[in-house]
1. Amide H of Glu146: which non-local residues (sequence gap of 5 or more, or other chain) have their own amide H closer than 5 Å, using H built in the peptide plane?
2. In percent, what relative contact order does the chain have, based on Cα pairs under 8 Å that are 6 or more apart in sequence?
3. I'd like the orientation of helix 598-613 relative to the chain: the angle between its Cα long axis and the longest Cα principal axis, in ° from 0 to 90, rounded to 10.
4. Could you give the nm distance between label points at Ala274 and Asn571, where each point is 7 Å from its Cα heading toward the beta carbon?
5. Carbon-plus-sulfur fraction of the accessible area of region 462-596, 1.4 Å probe, in percent?
6. Find the centroid of the Cα atoms in region 397-468 and in region 218-292, then give the distance between the two in whole Å.
7. At q = 0.10 Å⁻¹, what base-10 log of I(q)/I(0) does the Debye formula yield for region 24-167 when every alpha carbon is treated as an equal point scatterer in vacuo?
8. When the solvent-accessible surface of protein heavy atoms is calculated with a 1.4 angstrom probe, in what order do Lys398, Lys652 fall, highest first?
Amino acid sequence: MMQRPFPPEEYSLKATTPHLGGAAAGDKLTTTYDLVEQMQYLYVRVVKAKELPSKDITGSCDPYVEVKLGNYKGTTRHFEKKTNPEWNQVFAFSKERLQASVVEIIVKDKDFVKDDYIGRVLFDLNEVPKRVPPDSPLAPQWYRLEERNGHKVKGELMLAVWMGTQADEAFPEAWHSDAASIPGDGLASIRSKVYLTPKLWYLRVNVIEAQDLIPNDKTRFPEVYVKAMLGSQALRTRVYQSRTPNPMWNEDLMFVAAEPFEEHLILSVEDRIAPGKDDVIGRTVISLQHVARRMDNRLLNSQWYNLEKHVIIDGEQKKETKFSSRIHLRICLEGGYHVLDESTHYSSDLRPTAKQLWKQNIGVLELGILTAQGMLPMKTKDGRGTTDPYCVAKYGQKWVRTRTIIDSFTPKWNEQYTWEVHDPCTVITIGVFDNCHLNGGEKANGARDTRIGKVRIRLSTLETDRVYTHSYPLIVLTPGGVKKMGEVQLAVRFTCSSLLNMMHLYSQPLLPKMHYVNPLSVIQVDNLRRQATNIVSTRLSRAEPPLRKEIVEYMLDVDSHMWSMRKSKANFFRIMGVLSPLIAVARWFDQICHWRNPLTTILIHILFVILVLYPELILPTIFLYLFLIGVWYYRWRPRQPPHMDTHLSHAKNAHPDELDEEFDTFPTSRAPDIVRMRYDRLRSVAGRIQTVVGDLATQGERLQSLLSWRDPRATALFVTFCFIAAIVLYVTPFRVVVFLAGLYTLRHPRFRHKMPSVPLNFFRRLPARTDSML
C-alpha cells in the first residue's frame with residue numbers, strides 16, 4: 001500500500017503566533033522564559049517530618065508521604081523505623097489538569113498488609129500563594145498533622161506549597177503529575193537535563209625510530225612496524241625491512257583523546273613473521289596525563305622510551321627485566337586544532353581545543369521549544385498507539401534534553417535554553433525522539449529511542465534580535481519513502497553583542513590556524529571524526545540519565561558519508577542548479593552573437609566599444625552591476641529560516657530499491673542477487689563517471705601536447721603561430737586587438753558558417769595518451 005502523498009505545503013515551514021511570555025495583566029513577567037508560553041503548576045515541596053507516632057505493634061514507624069490532588073497521586077520514598085524522616089522531594093501538578101480544589105498531603109506508615117494512616121495536611125488551592133522567579137524560594141513551614149475528622153494528632157510536617165511556572169528552579173527535578181504511571185526507576189529517563197560534550201584533543205604520536213631491537217627469530221632480517229593503541233583506536237606505521245637493529249619510520253599517528261584521560265597509549269614494536277602472524281619485540285605504556293600540550297606548530301622535544309619485553313612462563317605473562325631496546329617518540333596533545341565530531345557542513349562549534357585560544361563570544365542564542373502537533377503513534381501499548389516524545393538540542397559543547405511528555409500526540413514542553421555564540425556561521429540541531437525507556441533500565445534493556453525528526457537552523461540566516469516563531473515539519477526518510485511525523489514549534493532569537501566583531505569574523509578563517517598551517521589529510525579527518533563521534537556517544541551514554549548512543553549518532557549525522565543513490569542525484573542537481581545561471585548567460589550571449597534580437601546586439605556592440613575605449617570602466621561596471629542586483633533582490637530576501645527540503649533532497653521521488661540500499665547495513669545484509677544487481681547498477685553509474693573523467697583528462701593532455709612535440713607537425717605549427725602572434729601583438733595596440741576580436745565574436749550570422757572553427761579543428765587533432773591505455 002503506497003503512502004498518501006502530502007501536498008507541498010505539508011512539508012513547508014509555517015509561521016506561528018504563540019503567546020510568548022504568557023503572563024496575565026498585572027502579573028510579573030519573567031525575563032528568562034520570554035520565548036515560551038508560560039505553564040502554571042502547583043508545587044508541593046515535602047521537606048521532613050518530626051515526632052511521628054508509631055502505628056505498628058512493634059512500636060516502629062516506616063513513614064512516607066502521599067500527595068493527592070484529584071485522581072493524581074505522588075508518593076515519596078519510605079524510611080524504615082524513623083520518626084523524624086527527611087525527604088526534600090518536590091511534586092508538580094499541571095494547572096491545566098487540576099481536578100480538585102484541595103490538595104491533600106497524607107503521612108502513612110508502610111506495612112506489609114495495609115499501610116497505616118498517620119495524619120494529613122490540607123490546602124485550599126484558592127489560598128495558595130504565587131511565585132515568579134527571580135523571587136526567592138518560598139520558605140517551608142511546619143504544619144500540625146490532623147485526622148480525617150479535623151482533630152489534631154501527634155506529629156508535624158514541614159511543607160511549602162505555591163503556584164509557579166516552568167521557570168521555577170524546582171521544575172527540572174520535580175515529580176510531575178503527567179508521569180504518575182511511570183515506575184520509580186523510569187523517572188530519571190523522563191526529566192530534562194543538560195549535558196556537556198567531553199573535551200576532545202588530537203593526540204599526535206610521531207614515531208621516529210627504534211634502537212637495539214632484539215628479534216626472537218635471529219635467522220632472518222626482521223620486518224618491523226610500530227602498532228599504537230588508545231582505547232579502541234589502533235594505528236600502525238609502515239613495515240620497515242631492516243638489516244640493522246635500528247629501524248627508522250618518522251611517521252605521524254593521530255588519535256582522538258577525551259578528558260578525563262581514562263585510557264593509556266600502548267605502543268608495541270612487532271615483527272611480521274608471516275602474513276597474519278606477528279611477533280611482539282617490545283612494548284611501552286604511556287599515560288596521557290604527562291604528555292606535553294602545544295597550541296601552535298612549534299617543535300617539541302622528542303623522548304626515548306624503554307621497551308619492555310614480555311615472556312610467557314607457565315601460561316602467565318611476565319616482564320623481562322634485562323632489556324635494552326628503546327623507541328624514539330615525539331608525543332603531544334594538539335590544542336590548536338578543532339576536533340571535528342560533526343559534519344563540517346553543519347558544525348555548531350569551530351573553536352580550538354585549548355581555551356587559551358578562544359575568542360570572545362559575539363552574542364547569545366536563545367531557543368524556546370514550545371509544542372508539537374500531529375505526531376504519529378510510534379509504538380503500541382495496551383493495544384493502542386502511543387508516543388512519549390522529548391526533544392534534544394545541540395549547539396557547541398552543550399546538549400539539552402527536554403522532559404518527556406507521556407502518551408501525547410500534541411506535547412507541550414515550553415522549555416527555554418541559552419547558548420553563547422562564538423561564530424555566526426554555525427548550525428543548531430534540534431531532534432525529536434520517542435522515549436522507549438519509561439519502564440526502567442532493566443525492563444527496557446535493548447530498546448532504542450525512535451527518531452521522529454530533526455531540524456537544523458543556521459545562525460547566519462537569522463536577523464539579529466528578531467524572534468522567529470515557526471512550526472517546522474518533522475520529516476524522516478524510511479525504507480518505504482519520505483514520511484512526515486508531525487510538526488515542532490520553536491522560537492529562536494539570536495542576539496548580537498557586537499555587530500563590528502561579528503562582521504570582522506566574516507574575514508577570518510572558518511577553522512583554527514593549525515588546520516591551515518599543518519593540515520590533516522581528508523582520510524585522517526574522516527577517520528578522526530568517526531573516532532570522535534564514537535567517544536562522544538560512549539561518554540554521553542554513561543551519563544545519568546543517559547543520552548543514548550542512537551540519539552547522539554543521529555544528531556551528529558554519523559552516517560552522512562555513506563553511499564546513497566538518492567544523495568548522489570540530489571548533489572548532481574545541486575551542481576546543475578549552481579551552473580544553470582552560467583549556462584543561461586552562455587545561451588544569452590549565443591543569442592547576442594547570432595543577432596536573434598538585433599536591438600540588443602547593437603546595444604551590446606555600443607557597450608563593448610565604450611569598454612574598449614575606456615577599459616578603466618570595466619571593473620567598476622561589473623561591481624556596480626552586482627551591487628544593483630543585490631539591492632534589487634533585497635525585496636525578495638528570505639523571511640524564514642531554512643528547513644528540511646524534501647524536493648532538494650530528492651526524497652519524494654526516490655525509488656524503493658534505492659531507499660532500501662541507503663538503509664542497508666555496512667557490510668551489507670541483503671541477499672546475493674540483490675547485491676549483484678546493485679553492484680551492476682553502481683558499475684553502470686561509475687562507467688559514465690569514468691567516461692567523463694577520461695574526456696577531461698584527454699582535453700588536458702591535448703593542451704600539454706601543444707608544446708611536447710608528441711605530434712611534431714602540430715607543435716611546429718603552434719610554435720610558428722605563437723612567434724607570429726607575438727610580433728603582431730607587439731606592434732598592434734592592445735585595444736585594437738580586443739576590438740577586432742570582439743567584432744569577430746559578435747559578427748552577423750551572414751558571416752558565420754556551421755562548420756567548426758580552425759582553432760577547434762586543430763585542437764581536436766592533437767594527440768592524447770588514450771592510445772597508451774590498456
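The values are calculated or read from the model by the stated rules, or taken from the named source; none is laboratory data. Because the structure is a prediction, the values reported are computed rather than measured. Backbone-built Cβ (ideal geometry, glycine too); neighbour counts: all protein chains shown. All accessible areas refer to the heavy atoms of the entire protein, side chains included, with ligands and DNA or RNA removed. Shrake-Rupley method; radii C 1.70, N 1.55, O 1.52, S 1.80 Å.
1. Here the answer is Arg120, Val153, since their amide H atoms fall under 5 Å of that of Glu146.
2. Working: 1374 pairs, mean separation 80.1, N = 774.
The value is 10 percent.
3. 80 degrees
4. 4.3 nm
5. Numbers: 4400 of 7180 Å².
Its accessible area is 61 percent carbon and sulfur atoms.
6. About 42 Å separates the Cα centre of region 397-468 from the one of region 218-292.
7. -0.38
8. Result of the area sort, largest leading: Lys652, Lys398.
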